[in-house]
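Just below is one structure, and these are the notes that go with it.
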Amino acid sequence: MIVVNFKTYSESTGEKADSLAEKCSKARKESGENVIIAPQSPDLLRAKDKEIEVFGQHLDPVNPGSHTGHSLAKALKAAGASGTLINHSERRLKPEKIRKTIEKANEAGLTSIVCAQSPEECEKFSEFDPDYVAFEPPELIGGDVSVSEAKPELIEEAVERSKVDLLTGAGVKTSQDVEKSMEIGCKGVLVASGVVKSEDSYSAVMELCEGL
């Protein structure tokens with residue numbers, strides 16, 4: 001799979017989120033590969049009818065009630081999300097909160113992708129039984145060198161340690177980056193700036209799909 005995290009870039013906010021979702025949906029249909037998008041919560045409904053799977057960027061382990069500013073699993077589901085990212089490097093959680101968040105995702109029928117920064121974390125967080133763990137060395141996120149190029153041995157270790165299917169990310173931009181990750185044992189990649197900030201986002205996604 002290719003998971004495109006929209007983050008909070010200006011290129012993926014509001015009407016531009018709508019446009020980016022359409023381009024990702026077109027790439028999914030043309031390539032026949034599983035492309036998933038993760039827009040900001042206010043933009044989830046914009047992507048709901050784009051014939052593409054939509055994930056939330058964050059989920060809080062709370063029940064309906066007095067939790068102003070939190071992201072509720074039931075609300076994500078109602079907005080059309082089928083899954084969620086958890087513990088992204090830009091929204092880190094303590095291990096116990098990660099475990100509880102995965103439980104809330106499971107209760108709501110949401111697919112969970114838990115982000116980890118090291119092979120050790122991949123092992124630890126996979127024990128909480130998420131659907132996937134996404135390995136992203138923080139020093140390579142948003143950079144020009146992909147994790148599959150800079151640290152393939154760490155991906156191998158992460159795959160070996162993880163008890164669930166592994167995705168990888170950080171600097172992933174080309175089909176070669178994706179292909180190398182798949183060869184090592186990953187099931188897909190988590191990307192952001194390489195697609196969102198590209199001058200041709202559709203072509204950027206198609207390029208990544210060629211590596212699956």
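The values are calculated or read from the model by the stated rules, or taken from the named source; none is laboratory data. The model shown is predicted, which means the values in this text are computed figures rather than measured ones. Here Cβ is always computed from backbone atoms with ideal geometry, including for glycine, and neighbour counts include all displayed protein chains. These area figures cover heavy atoms from the full protein model, side chains too; ligands, DNA and RNA do not enter into them. Shrake-Rupley method; radii C 1.70, N 1.55, O 1.52, S 1.80 Å.
Some observations on this one:
- Point-to-point label distance, His67-Thr111, nm (Cα→Cβ direction, 7 Å offset): 2.3 nm
- Estimated FRET transfer efficiency (Ser118, Ser82; beta-carbon r; R0 30 Å; 0.05): 0.60
- The stretch 164-212 - percent relative contact order, Cα under 8 Å, separation 6 or more: 46 percent
- Our coupling estimate for the stretch 25-41, obtained by passing each phi through the Karplus curve with A = 6.51, B = -1.76, C = 1.60 and θ = phi - 60°, is 5, 4, 5, 4, 5, 5, 8, x, 9, 8, 9, 10, 10, 10, x, 5, 3 Hz, Gly and Pro reported as x.
- Distances between placed amide hydrogens fall under 5 Å for Ile36 paired with Ile2, Val3, Val4, all partners being 5 or more residues away or on another chain.
- Label zone at Glu90 (point 7 Å along Cα-to-Cβ), backbone N below 20 Å, the stretch 172-209: 172-174, 189-202, 204-205
- Within the assembled protein chains, the solvent-accessible surface assigned to Asp144 is about 140 Å², based on a 1.4 Å probe.
- Rolling a 1.4 angstrom probe over the protein heavy atoms with all chains in place gives the chain an accessible area of 45 Å² per residue.
- Each residue of the stretch 59-74 was assigned a 3J(HN,Hα) from its phi angle through the Karplus expression (A = 6.51, B = -1.76, C = 1.60, θ = phi - 60°), giving 9, 9, x, 10, 8, x, x, 8, 9, 3, x, 8, 10, 8, 4, 4 Hz with x at Gly and Pro.
- Globularity ratio of the chain, using Cα Rg and 2.2 N^0.38 Å: 0.94
- Helix-only CD estimate at 222 nm, as mean residue ellipticity for the chain, using -39500 (n - 2.57) per DSSP H run (n ≥ 4): -11000 deg cm²/dmol
- Computed from the C-beta positions of Ala75 and Tyr9, the FRET efficiency with R₀ = 30 Å rounds to 0.85.
- Carbon/sulfur fraction of accessible area - the chain, other protein chains in place, 1.4 Å, %: 44 percent
- Using 0.36 nm per residue and subtracting the Cα-Cα separation, the extra length available between Ala150 and Lys48 on full extension is 33.1 nm.
- Between the C-alpha center of the stretch 24-63 and that of the stretch 142-212 there is a gap of 18 Å.
- Around the amide H of Val62, modelled in the peptide plane, lie the amide H atoms of Ala73, all under 5 Å away and 5 or more residues distant in sequence or on another chain.
- Distant-in-sequence amide H partners of Leu167 (H built 1.01 Å from N, under 5 Å): Val133, Ala134, Phe135, Lys187
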